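Shown next, in structure tokens, is the structure this report addresses.
The values are calculated or read from the model by the stated rules, or taken from the named source; none is laboratory data. Worth saying up front: this structure is predicted, and the values here are computed from it rather than measured. Using ideal geometry, Cβ is built from the backbone for each residue, glycine included, and neighbour counts are taken over all protein chains shown. All accessible areas refer to the heavy atoms of the entire protein, side chains included, with ligands and DNA or RNA removed. Shrake-Rupley method; radii C 1.70, N 1.55, O 1.52, S 1.80 Å.
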Amino acid sequence: GCCNETVKEPKMTRKDIIDTEVRTPAENARSFLATLCVSFTIMMVVCMALGTIFAGEESKQGIMYCWSLLGACVCTTALQFVFFTPTVIKRMAYPLRLFLFGICLYAVLAVLAVVMRWFPADMAGAWVSFTISYLVALAVATAAYAAKHRREERTLNEKLNEYRRNNS
């Protein structure tokens, strides 16, 4: 009768579950690089702290240089948070965000360059080299981010179109 019927369970496919043990090579590479960056940063901070305390005077300039680079990284990250997330600035055109970010980051790096003596601050040629290097690095980073954003947008649009086709 009615109680002896077997209920067929739906067959699960790979799309029905998330297997946290299976990662693509790209995911593995990203995970490895993230772990490497965190480990390196922790080790550098510990070594810089110990070096600041125990190193001889001849080593202090190099250690302070490393601290200034960490400071530059912290400032860059903070400025990225301010200019490229909606947390602080709600509505602003991307070109204006990029321009203001670039100006603020240049100012921060210029102050660090002078205070930490990254190069002879009284030499115009050093400032020209610094500025050109900064602009090239900013342009390359911007181009890389724009390419990544276009790739992600294309992938999302493809998936959205696929979803619409399958659910119309």
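Numbers at a glance
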read-out	value
Virtual spin-label span in nm between ILE53 and SER39, 7 Å along Cα→Cβ	2.4
Per-pair calculated FRET efficiency, R0 = 35 Å: ARG165 and ALA141 via Cβ, rounded to 0.05	0.45
Taking the chain and dividing mean pair separation by its residue count, relative contact order in percent (alpha carbons under 8 Å, at least six apart)	12
Whole-percent carbon and sulfur share, accessible surface of the range 37-168, 1.4 Å	70
Segment SER31-ALA124, length gained on full extension (0.36 nm per residue, minus Cα span)	29.2 nm
Answer label, with P(r) over Cα pairs in 10 Å bins from 0, in percent calculated from the coordinates and candidates [x] 10, 36, 35, 16, 3; [y] 7, 20, 26, 21, 11, 7, 4, 2, 1, 0; [z] 10, 31, 26, 17, 10, 5, 1	[y]
Choice from ARG117, ARG97, ARG30 showing the highest fluctuation, given a GNM over the chain with Cα pairs closer than 10 Å	ARG30
1.4 Å probe accessible area per residue over the range 84-168, in Å²	76
Virtual paramagnetic centre 7 Å along Cα→Cβ of ALA78, amide N under 17 Å, in the range 115-143	115-116
Heavy atoms of MET43 accessible to a 1.4 Å probe, total area in Å² rounded to 10	120
Over the chain: helical MRE at 222 nm, DSSP H runs n ≥ 4 each giving -39500 (n - 2.57), nearest 500	-26500 deg cm²/dmol
